[in-house]
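The values are calculated or read from the model by the stated rules, or taken from the named source; none is laboratory data. Note that the structure is a prediction, hence the values are computed from the model and not measured. We place every Cβ from the backbone using ideal geometry, glycine too, and count neighbours over all the protein chains shown.
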Amino acid sequence: MSWHPASPRLLFAALLMLAPAAAHADTLLRLSETATVVAHPDELEAALRVEVVSPNAADAQRRVNAAMADALAAAKAVAGVTVGSGGYFVWRVSPPQDRPERWQANQSLTLTSHDGAALLKLVGELQQKGLLVGQLGWHLSDAAEHTAQADATRKAIAALRGRADDAAALLDLRFGSFKEVRLNGTRPQPIMLQRATTMPMSVSAAASPPSAEPADVTVSATAEADVELLPK
């Protein structure tokens, strides 16, 4: 039995028959959609500090330690408040020529709670004890942010699929599959209502607890994909 190679005419005809199918099989569409959802902040955070100026370092540290111990005890007595103490700093303050040397010491205290009223009342009490408020603001808790991010991602993917179907219809094709999908989100910024002051508040100025009303924030997510479109 002998084998005879196909003639050039037959090979050319076969290629012409396959060309239309190949042209339609590799239609790729690249799309991107961003979606946002509105979320209500559910956690209040306060950053405070104990700050003392004294003629010597030992006295400054002793007074900071005592004030912080008192503040921690007061904070831990309030249900639902998470308490954390932060950095501790002591340094020599360069005095003017006509004044003795001074030492300054401070330590930070962070309080968070889902119960805004209870935390604000506590902050007011700590202000009366001499603590300074550095920042006070509402933000989304980790759980609330995760939920909002998932909702925004679902909306972005649904919008992406809708655009893919619309594009396919305009091109007289049909949706095949997502070949590659890339997801990313934007973390909402906390709402800071009060920033650090350089001088301690007087007891009379801090007689009433501070106010802090949460405002809604937007959480966004972006979905990008390569979409394969097929012949109908």
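General observations
- In region 151-169, the residues that are closer than 8 Å to Ala35 by Cβ never reach a residue that is part of a helix (DSSP H, G or I) with C-beta atoms less than 7 angstrom apart, at least six apart or across chains.
- Qualifying residue in region 191-208 (condition: at pLDDT 75 or above, closer than 17 Å to Glu33 by Cβ and of a type outside the set (A, V, I, L, M)): no
- Considering residues of region 95-128 that are among the small types (Gly, Ala, Ser) and farther than 15 Å from Ser54 by Cβ only, the residue farthest from the chain's Cα centre (by Cα): Gly124
- Residues of region 215-230 that are more than 16 Å from the chain's Cα centre (by Cα) and either more than 20 Å from Leu160 (Cα to Cα) or among the β-branched types (Val, Ile, Thr) (or both): Val227 alone.
- Within region 11-24, not a single residue is at pLDDT 90 or above, more than 28 Å from Gly185 (Cα to Cα), within 51 Å of the chain's Cα centre (by Cα) and not polar (S, T, N, Q).
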